[in-house]
Structure formats: C-alpha cells, structure tokens
1. For the range 79-94, give me each residue that is within 16 Å of the ligand (Cβ to nearest atom) and more than 18 Å from residue 28 (Cα to Cα).
Amino acid sequence: MPSPRLLADEMLGRLTRQLRMIGCDTRYAHGWTDDEIAACARSEHRVLLTRDRALARRTPGSVLLTQTSLPDQIREVRRAIPDLTLEVSFDRCTLCNGRLEPELADAVPPEPAGGAEAPRDRPIYRCVECGHRYWEGSHTAHVRRRLKEWAREATA
Ligand SMILES: [Zn+2]
C-alpha cells in the first residue's frame, strides 16, 4: 500500500530527505506561512508532519512530532503511519520531491561539469523535475544499513 502524501514543516528538513529516500511523496514547506501550509495540506490531501503544536491543532489529520533526533522522528512517523516501509526506493528526488524515472542507456546525456561520474553497470534514475541522477552506491548502502537498524529498534 502506498504511504499517504506528506507535507513536512520547515524544521523537518532532514526527515524530509529521509522520507523521500524511502519513496514517500513529501513536500517541504520551506519558507511557507502557516496559512500556506494548512491550505496545501487541505487542497493536496497531504498529512502534515510538524513540530508546531498550534499548526498541528489547526490542521486536521496532522502528526505532531515531539522528538528532535532523526531516528526518533522516524519512529514517531511510523507510529502514526504504520505501513511506512523503511526501504530505500528510487521513487523520489531527495532534493525536490520530483518523480524518478529509469534513464535509458541510449539517452545518457553528457556528464555535467564537476558532477559525479555515473556508473555504467547499474540502473540510473533521473528526476523528471530537476534532472538530478541517482544510482546504487556507497551512500545508498549506508542509508540502507541505518534504516535496518532503525526498523529493528522500532519493533524491539
Ligand atoms: Zn529533483
């Protein structure tokens, strides 16, 4: 089952990136007013994740987070949304929340200057919004290990 669409407040930047890594459609309310946040949650049917008690109170269905560390926040989100799977998934751009699509081998554009060299032996995913590219590597391996630890702690 797909997780609900989410909206994270400005204090939750790290959590936002983590949720996108596991494939959650998560908008980040960076620099938004409280009115804009409440309106977006309503019109786009997104579950608001917030550390702001007043904002949580005025936004129906929101999840108030009280913890400050990332693993604790992930745990709080999972308590509210139990089907959240802690698996790395190449669905969402961690930078802009755009959808990722597999990049076809014959459509590989020239490398951006200074960009990381993409490996040729594994699938590459490209953000349809900002063009950022993703692939399995040491970073995803690290994130996967960390998620596994958090999942274990969460069920312990
Ligand atoms: Zn992007």
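1. 89, 90
Here's the yes/no breakdown for (1) touching a Leu at 6+ places or on another chain (Cβ under 7 Å); (2) aliphatic (A, V, I, L, M); (3) more than 21 Å from residue 67 (Cα to Cα); (4) not assigned by TED's automatic domain parsing to the domain that holds residue 150:
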position	(1), (2), (3), (4)
11	no, yes, no, yes
20	no, no, no, yes
23	no, no, yes, yes
28	no, no, no, yes
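The values are calculated or read from the model by the stated rules, or taken from the named source; none is laboratory data. Just so you know, these numbers come straight off a predicted model, no measurement behind them. Positions of Cβ are generated from backbone atoms using ideal geometry, with glycine treated the same way; all protein chains shown enter the neighbour counts.
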